Amino acid sequence: MLYYFKQIDLAIGRLTKNAYRRDDLTLSQVRLLLELGKADNNTMSLKELERCLHVAQPTIVGLVKRLEAKGLVQKSTDPSDSRVRLVELTPAGIAYCSSSVEHIDAMEKGLMAPLTKKEQREFERMLRLVLEHIDNVSEY
């Protein structure tokens, strides 16, 4: 069964990388944009981004710098604490997030097409259950 998980992961990775490569973005950059898109006012601190993406500060700084050069995010200083750097989606970043979510939804529909609606709900329920339990599995 692990073989199937790995093959699905590789296929989804290939599909998403190809789609984002056309936009000259990496999967990590898109993940950052989508996290900002879910945040209040489309804004998060660098520290918050580090925590939710599970990467080190230099990585976040590099991602933000490249996205800023593409006009998708902008940095600012938190008005209540000048030590805190904030990252916010620009209008172009918001538009990209919307189109990216649409692309992800279309990809999910395509992947789930062979299943009935009932099977899709059951499959999603089972995947969620496996994911919730994954930290309880010991390494072999």
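The values are calculated or read from the model by the stated rules, or taken from the named source; none is laboratory data. These figures come from a predicted structure and were not determined experimentally. Using ideal geometry, Cβ is built from the backbone for each residue, glycine included, and neighbour counts are taken over all protein chains shown.
The rows are residues; the columns are (1) over 20 Å from GLU102 (Cβ atoms); (2) in contact (Cβ under 8 Å) with a residue 40 or more places away in the chain.
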| position | (1), (2) |
| --- | --- |
| TYR4 | yes, no |
| LEU10 | yes, no |
| ASN18 | no, no |
| GLU35 | no, no |
| ASP40 | yes, no |
| THR43 | yes, yes |
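Picking from residues in the range 70-115 that are of a type in the set (Lys, Arg) and surrounded by 10 or more Cβ atoms within 10 Å (Cβ to Cβ), the one that is nearest to SER28 (Cα to Cα) is LYS70.
From SER100, SER138, SER80, grab the single residue that is under 20 Å from the mean Cα position of the chain (by Cα) and modelled with pLDDT under 95. Full working, then the answer.
Details: SER138 fails: under 20 Å from the mean Cα position of the chain (by Cα); SER80 fails: under 20 Å from the mean Cα position of the chain (by Cα).
After ruling out the rest, the residue left standing is SER100.
Within the range 23-39, the set of residues being among the acidic types (Asp, Glu) and closer than 20 Å to GLN57 by Cβ comprises just one member, GLU35.
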